[in-house]
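Everything below concerns the one structure shown next.
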Amino acid sequence: MYNDYVMKRKISIIGSTGSIGTQTLEVIEKLKDRFEIIALAGGSNIELLNKQIEKFRPKYVCSAVKTENLVPQGAKVLFGDEGLEEICSNTENDLIVVAVSGKIGLKPTLKAIDNKIDVALANKETLVMAGDIVMKRAKDAGVKILPIDSEHSAIFQCIHGELDKVDRLIITASGGPFLNKSIEDIKNATVEQALAHPRWNMGKKITVDSATLMNKGLEIIEAHHLFSMDYDNINVVVHPQSYIHSAIEYKDGSILAQIGLPSMHLPIQYAICYPERPEGIKSRSFSFVDAQKFEFMKPDFEKFPCPALAYEAGRTGGSATTCLNAANEEAVYAFLDGKITLYDIYTTVEKIYRKHDVVKNPNIDEIFEIDKEIRLKTKELFN
């Protein structure tokens, strides 16, 4: 039972107006006696950010760009990257939730680690860009990196401190909206079709990644870093119902899986409350009878070639994954802007990736420079 005398966990959310950020606030609202919100950082949705400020009364607020429309309700107002840096340097925080999508998540994560603040990470790109550096810094600083992604949360829950006994990670994939469609259907897909995910309600970038299965590729790389697991021991299986969020196989052959309804509330709650398991926001219990069937199938890497390219980049290491991530991110934005087709995302990423001269052990400054260079080269393809 929760002790009323335990001090509230002080928490800041980077990306509070996005999909994960808003769901994190829903969890916190349900568990309001456990948390004190230090800062909320949102993007361009100032109307929503103002509503969050009014409800949760943070000490600091930050928006992506300067605006006179922000109503701080007595909070200190910050803007842009400098604002994120100040939030993540504030050692009043017990935990920083990094809920933004894309490369913007890396700097706040590193800043929190450097200030010995635990991180609840919902940003795949951080570890894909610079996993070796991020995890080493976290280990050296004694900082916890708590995964919010449903797949990595599932693995984390199943391992439960026994990583040395684990032989294999099994990452599940819903298959996205084009699981049962042809390559021609994928090539002719509209943005609306790509964003119509059958199971999950997510932001646009990650939803498009799910449509191409690049999302699984990024998760493979992320799992490698989070759990120090060799790529040969990380497998993907398509599970359309999305009840099993991922599984692990122990060295004795036993397999443990984490099962639940498709909802991000549970992995969010597990990360921000770890190691406790409060009742929280659960709306209803999972029913094996109602579920009726669990389907599994091998992923089709011919129809969805992105995960195979991610495996290759991960095994190559160094700046290969930085290149993969930057090219993919820019290609996804180009697709959302109507400049390329859905299938062009893969061909664009592969073209950029094949031309990249890999730097084997880049430092963080080199990673940011490579990221910038790859993005420019990718954008040139669309002009």
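Structure notes:
- Residue 293 surrounded by fewer than 22 Cβ atoms within 10 Å (Cβ to Cβ), out of contact with any Asp or Glu (no Cβ under 8 Å at 6 or more places or on another chain) and either modelled with pLDDT under 95 or among the aromatic types (Phe, Trp, Tyr) (or both): yes
- So residue 272, is it surrounded by 16 or more Cβ atoms within 10 Å (Cβ to Cβ) and within 30 Å of residue 10 (Cβ to Cβ): yes
- Search result, residues across segment 4-29 that are out of contact with any Gly (no Cβ under 6 Å at 6 or more places or on another chain), over 19 Å from residue 89 (Cα atoms) and not aliphatic (A, V, I, L, M): 4, 5, 8, 22, 23, 24, 26, 29
- Residue check, residue 216 open to solvent by less than 60 Å² (accessible area, probe 1.4 Å), at pLDDT 90 or above and of a type in the set (D, E, K, R): yes
- Selection status of residue 185, open to solvent by 10 Å² or more (accessible area, probe 1.4 Å) and part of a helix (DSSP H, G or I): yes
- Residue 143 vs. criteria part of a strand (DSSP E or B) and open to solvent by less than 30 Å² (accessible area, probe 1.4 Å): no
- Filter pass, residue 180 being assigned to a strand (DSSP E or B), surrounded by fewer than 19 Cβ atoms within 10 Å (Cβ to Cβ) and among the polar types (S, T, N, Q): no
- One residue from 333, 346 being in contact with a helix residue (DSSP H, G or I) (Cβ under 8 Å, 6 or more places away or on another chain), modelled with pLDDT of 95 or more, of a type in the set (Phe, Trp, Tyr) and more than 16 Å from residue 217 (Cβ to Cβ): 333
The values are calculated or read from the model by the stated rules, or taken from the named source; none is laboratory data. This structure is a prediction, so every number in the text was calculated from the model and none was measured. Note that we place each Cβ from the backbone using ideal geometry, even for glycine, and neighbour counts take in every protein chain shown. With ligands, DNA and RNA removed, areas are computed over all heavy atoms of the protein, side chains included. Shrake-Rupley method; radii C 1.70, N 1.55, O 1.52, S 1.80 Å.
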